[in-house]
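The values are calculated or read from the model by the stated rules, or taken from the named source; none is laboratory data. Keep in mind it's a predicted model, so treat the numbers as computed, not measured. Cβ coordinates were reconstructed from backbone atoms using ideal geometry, including for glycine residues, and neighbour counts include every protein chain displayed.
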Amino acid sequence: MKKVLLVFGTRPEAIKMAPLVNEFKKHPKCIDARVCVTAQHREMLDQVLNVFNIQPDYDLNLMRSGQNLSDLTSSILLGMGRVLDDFNPDIVLVHGDTTTAFSVSISAFYHVNNNGKKVKIGHIEAGLRTDNIYNPWPEEMNRRVISVIANYHFTPTTNSAKNLIKENKDEGSILITGNTVVDSLFLTLDNIKSDKNLKNKIKIKLNDQNFTIQKNRKFILVTGHRRENFGIKIVNICKALEEIALKNPGIDIIYPVHPNPKVQEPVNKILSNKPNIFLIKPLCYESFVYLMHKSYFIITDSGGVQEEAPSLGKPVLVTRDTTERPEAVESGTVKLVGTNTSKIALEAQRLLNDNCEYLKMSRTNNPYGDGNSCKKIVDFVKART
């Protein structure tokens, strides 16, 4: 029996790994699949685990107030050593570009199993590149290091596979799967559409935060959490949102605000007490999918939202200067607007005023897959490891 360890620690990782966990659990006769969470994000991670009914086998519970990346990395290295000694997996699967994925990969690379064999490392969402290790920081460096030591690379698109081939990775170690977030999105949408009680619970949760979706009133959904945008950049983004709200009193802006104080402080200072701006607490994944589905368009710095929105027909304005997901930009559903206040406000106003522009961005196919990514990964692992 093959022993597979899936490790993640943040809310975005959990969203993208959860359907993969459940896909592995369909094969108990040939695969012993276990889950380890680092809890790099605690509360936000737990929300996703509850949505997908996942009970971790190992929980490092490492979230600490004020810890820096060095603290987190060293804690993960120490904690993962004990997990690997206990389980001795054949393969460790990590996702994306977080400090968790980076540190777990290093720990797995160092580990030797009881039978003397090295642990294989599988990297999901591999091959994304901006070609600037400081943008986004530290994510670009994290994913590059993982690519160096990973044995298997599960890429979301042809472009990301080509990036790895340029770096001399063995083509036999690369599998183009699509992105697992599309699997999560479709599963969650189906649940919401088929379960009236779930839909009502979501509406009640939004009402409890003083926001009600009105039939004839459009709203813009906003998210923001990236370290690269801390400081003056997030201030500029907030000023743009303030300008959009003032110019468009008939449009609502709803912003689930990330708990990081470096996000909370400028957002609350600039955007509080605006009649058509609703600052709410972070949402569970089901509620967030529901808001994406009902929104007019989205302003975000999130990579995951860039991947999900095309399946929903929602234009996305990305508050970054670069993206490691060029496929969505090329397809036309995503536009990079950076963090310049005037640029963000201008592009948002264009979508509100120009129906042709809106339709052009909303009528695109999703380049990130068809919702079958997890099955492809499981089939590969069953055959190869």
Keeping to the range 15-47, report how many residues are touching a helix residue (DSSP H, G or I) at 6+ places or on another chain (Cβ under 8 Å), outside any loop (DSSP other than H, G, I, E, B), within 19 Å of Ile76 (Cβ to Cβ) and in contact (Cβ under 8 Å) with a residue 40 or more places away in the chain.
5
Is there a residue in the range 108-124 that is of a type in the set (Val, Ile, Thr), loosely packed, with under 14 Cβ neighbours inside 10 Å and either farther than 19 Å from Leu175 by Cβ or not assigned by TED's automatic domain parsing to the domain that holds Ile31 (or both)?
yes
Say whether the condition of being in contact with a His (Cβ under 9 Å, 6 or more places away or on another chain) and either surrounded by fewer than 21 Cβ atoms within 10 Å (Cβ to Cβ) or without any contact (Cβ under 8 Å) to a residue 60 or more places away in the chain (or both) is met by at least one residue in the range 317-334.
no
Condition (residue is among the acidic types (Asp, Glu), farther than 23 Å from Val119 by Cβ and within 22 Å of the chain's Cα centre (by Cα)) applied to the range 21-34: is it met by at least one residue?
no
Within the range 253-270, is even one residue modelled with pLDDT under 95 and either farther than 30 Å from Thr98 by Cβ or small (Gly, Ala, Ser) (or both)?
no
Take the range 266-311 and flag every residue that is more than 14 Å from the chain's Cα centre (by Cα), in a strand (DSSP E or B) and in contact (Cβ under 8 Å) with a residue 60 or more places away in the chain.
Phe278, Ile280, Phe297, Ile298, Ile299
Would you be able to say whether some residue in the range 125-147 is surrounded by 15 or more Cβ atoms within 10 Å (Cβ to Cβ), assigned to a strand (DSSP E or B) and hydrophobic (A, V, I, L, M, F, W, C)?
no
